[in-house]
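What follows is calculated from the coordinates using simple rules that are stated; it is not laboratory data. Predicted model only: the values in this text are computed from it and were never measured.
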Amino acid sequence: MKRDQKFFNCSEKHEIEYLAKKFKEPKDVVIAKIKELCKAKIIRYSTHAQAEQALIDAGLHKK
């Protein structure tokens, strides 16, 4: 279970919401980008840090 907590889960709404709150852009914009990156399998099976970095690389800004 602990190991699983380390990874971002694209199918968990609470994880998407939590990650979205870490960025300056409007929540709906960030969530759309997260879903896009999940669908493209860019952040699927990535760590939370890798998911954050992928969003930064996509042009979003952390708070």
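Leaving out same-chain residues fewer than 8 places away, which lysines sit with a Cα under 24 Å from that of Lys24? In chain and number order, the partners are Lys6, Lys13, Lys33, Lys35, Lys39, Lys41, Lys62, Lys63. Helix 48-57 and the long axis of the chain differ in direction by around 30°, with both axes built from C-alpha atoms. By the rule of a C-alpha distance below 12 Å, with chain neighbours fewer than 8 residues away ignored, the aspartates and glutamates paired with Lys27 are Glu17. When Rg and the Kirkwood radius Rh are both evaluated on Cα atoms of the chain, their ratio Rg/Rh stands at 0.93.
For the range 2-57, the relative contact order comes to 41 percent (Cα pairs under 8 Å, sequence separation of at least 6).
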